[in-house]
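What follows is one structure encoded as structure tokens, with my remarks underneath.
The values are calculated or read from the model by the stated rules, or taken from the named source; none is laboratory data. Fair warning: this is a prediction, and the values are worked out from it, not measured in the lab. Counting neighbours? That spans all protein chains shown, and the Cβs are built from the backbone with ideal geometry, glycine included. When the accessible area is computed, the model is the full protein with side chains, heavy atoms only, and any ligands, DNA or RNA have been set aside. Shrake-Rupley method; radii C 1.70, N 1.55, O 1.52, S 1.80 Å.
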Amino acid sequence: MTGPIVAFLEGEGVDGRGRTIFDVLGMDDAGLELSHDFIQWLFPLPEPSSAVPDAPVLTPADVEAIRDSIPAQCVLAAATDRMEAFYRATHAWLQAHDHNHLRITRIIRSLRLLRGDGEADAFRDAILSFVEATRAPVSARSRGYWATA
């Protein structure tokens, strides 16, 4: 049996605030920056979120269902593209410490679990390339988390 995260990622359910995947993917950059409860639904993990305690937690059945679901895989690809575009368009996160650094770690970990190493590594490499190209002072600690996520 799978939980509500599978339905959400397949476009058939809503998140904790009643938003569909299409609502979340359609948020503008300001909305993504100001909202702190969508990332746990876009990129779920098998452990509870300390930032959003009522966010879904992946079960082994959820992981298997998402890996096997063409709609969920398409949504995860679109979510990855959207977040990469967000990070390229916004620069407030390009500092030593920022809450987006935790989001980036979550995205990499979730992609590794749900889509595979290639997709996780590609996102991580795109983020690191952008940090290097802009010479942003992102902490070695954050970059280290991304490298090992």
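Under unit Cβ charges (Lys, Arg +1; Asp, Glu -1), what dipole magnitude, rounded to 20 debye, does the range 1-132 have relative to its Cα centre?
120
Keeping all protein chains in place and using 1.4 angstrom, which order do Thr90, Thr148 fall into by accessible surface area, from largest down?
Thr148, Thr90
Which one of Ala51, Ala122, Ala78 has the biggest mean-square fluctuation once the chain is modelled by GNM with Cα springs under 10 Å?
Of Ala51, Ala122, Ala78, the most mobile in the Gaussian network model is Ala51.
Extension gain Asp29-Ala89, at 0.36 nm per residue separation less the Cα-Cα distance, in nm?
Values: separation 60, 0.36 × 60 = 21.60 nm, distance 0.79 nm.
Extending this stretch completely gives an extra 20.8 nm.
Assuming R0 = 35 Å, what is the FRET efficiency of Cys74 and Leu102, from their Cβ-Cβ distance, to the nearest 0.05?
0.85
Quote to one decimal, in nm, the extra length available between Met1 and Glu64 on full extension: 0.36 nm per residue of separation minus the C-alpha distance between them.
Here the segment from Met1 to Glu64 would lengthen by 21.6 nm.
As I understand it, the dipole of the chain uses +1 on the Cβ of Lys and Arg and -1 on the Cβ of Asp and Glu, about the Cα centre. Which of Phe43, Ile107, Ala126 lies farthest toward its positive end?
Selected residue: Ala126.
With no solvent and one point on each alpha carbon, what is the Debye value of log10 I(q)/I(0) for the range 2-134 at q = 0.12, 0.13, 0.17, 0.20 Å⁻¹?
Values, matching the q order: -0.42, -0.50, -0.88, -1.24.
Round to the nearest 10 and give me the degree value, 0 to 90, for the angle of helix 70-89's Cα axis relative to the longest principal axis of the chain.
For 70-89 against the chain, the angle is about 20 degrees.
Tally up the carbon and sulfur contribution to the accessible surface of the chain as a whole percent, 1.4 Å probe, everything protein left in place.
57
Springs between alpha-carbon pairs under 10 angstrom, Gaussian network model over the chain: which of Arg115, Arg82, Arg19 fluctuates most?
Residue with maximal mean-square fluctuation among Arg115, Arg82, Arg19: Arg19.
Calculate how steeply helix 99-114 sits against the longest principal axis of the alpha-carbon atoms of the chain, using the helix alpha-carbon long axis, and give the answer as 0 to 90 degrees to the nearest 10.
50
Can you give me the relative contact order of the range 16-149 as a percent, contacts being Cα pairs under 8 Å and 6 or more apart?
Relative contact order of the range 16-149: 23 percent.
Charges on Cβ only, +1 for Lys and Arg, -1 for Asp and Glu, centred on the Cα centroid of the chain; of Ala77, Gly3, Gln95, which one is farthest towards the dipole's positive end?
Looking along the dipole axis, the top candidate is Gln95.
Leu45: accessible area at probe 1.4 Å, nearest 10 Å²?
10
Just the number please: accessible area per residue for the chain, 1.4 Å probe, all protein chains included, in Å².
49
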